[in-house]
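Okay, so here's the structure we're looking at.
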Amino acid sequence: MATGEGKSLLFMLPAFCSTGMTVVVVPLIMLRQDMAARCKAAGIEYALIVFITLELAVGVAFSQFLNRQRVIGRLDRVVIDECYIVLDLSEGGG
């Protein structure tokens, strides 16, 4: 799907309807800021949506954070947004 066609709704709507945490991994800081702004505009409490860049998401500290959230029953989902960018960057593209 192209930009603006609603892909982000795939995580925004479930996050809006749940009481747990949604973690969204985005490849670029600018996308993270855009997603946070879009959630705020839609009235979604993005304090329960953690936006994190790919570089931080693969670290040990974040893995431990996710495990703690899962153990206490707070983690609902982990979403990788704009994953085609991640794939392009890993293959030397972009």
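Quick note: the coordinates plus some simple rules give every number you see, no bench work behind them. Remember, it's a predicted structure, so these values are computed and weren't measured experimentally. FYI the Cβ positions are ideal-geometry reconstructions off the backbone, even for glycines, and counts take in every protein chain you see.
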- Query: What nm value, rounded to one decimal, do you get for the distance between Leu56 and Ile72 when each label is placed 7 Å out toward the C-beta?
  - Reply: 1.8 nm
- Message: With θ taken as phi - 60° and the coefficients 6.51, -1.76 and 1.60, list the Karplus ³J(HN,Hα) couplings across region 67-72 in order, rounded to whole Hz; mark glycine and proline as x.
- Response: 4, 4, 5, 5, 4, 8
- Query: Taking the simple approach of a point 7 Å from Cα along Cα-to-Cβ for both Leu28 and Leu9, what is their distance in nm?
  - Reply: 2.4 nm
- Item | Amide proton proximity set for Phe51, modelled H, under 5 Å, gap of 5+ | Val24
